[in-house]
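Participant: Would you mind keeping the following structure in view while I ask a few things?
We did not get these values from a lab; they are worked out from the coordinates using the rules stated. Everything numeric in this text was worked out from a predicted model, so none of it was measured. So basically every Cβ, Gly included, is an ideal-geometry build from the backbone, and we count neighbours across all protein chains shown.
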Amino acid sequence: MNKSVGLIAAFLGGAAVGGALGVLFAPQSGEETRRKIAAALEKRGIKLGEDDLNDFIDEIKSNASESDI
């Protein structure tokens, strides 16, 4: 039971990171991408200011570049 919960959590986490990376590396302007990320987070009840959103995006980029190694 514990293994299956961990597997599901890993799958969902990977899907979330994959989706975020897809949005970040899409051929759109940075401003448009940030608006889409902010809108997606707001739909889930998460409201971030501009500085917080930029920090969040930088963290995602950092994690993505670390996983490429």
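Participant: So how strong a dipole does region 2-67 carry about its Cα centre when Lys and Arg Cβ are +1 and Asp and Glu Cβ are -1, to the nearest 20 debye?
Facilitator: Roughly 440 debye for region 2-67.
Participant: Tell me the angle of helix 30-43 to the major Cα principal axis of the chain, expressed in degrees between 0 and 90 and rounded to the nearest ten.
Facilitator: Helix 30-43 sits at roughly 50 degrees to that axis.
Participant: Taking only Cα atoms, what is the 0 to 90° angle, nearest 10, from helix 2-24's long axis to the longest principal axis of the chain?
Facilitator: 20 degrees
Participant: Given (i) 24, 16, 11; (ii) 49, 15, 11; (iii) 22, 20, 16, which label gives semi-axes √(5λ) of the Cα gyration tensor in Å as computed from the coordinates?
Facilitator: Answer label, from the structure shown: (i).
Participant: May I ask which residue of SER29, ALA15, ILE57 lies farthest towards the positive end of the charge dipole of the chain, with charges of +1 (Lys, Arg) and -1 (Asp, Glu) on Cβ and the Cα centre as origin?
Facilitator: ALA15
Participant: Pairing the Cα long axis of helix 50-67 with the longest principal axis of the chain, what angle in degrees results, from 0 to 90 and rounded to the nearest 10?
Facilitator: That works out to roughly 50 degrees.
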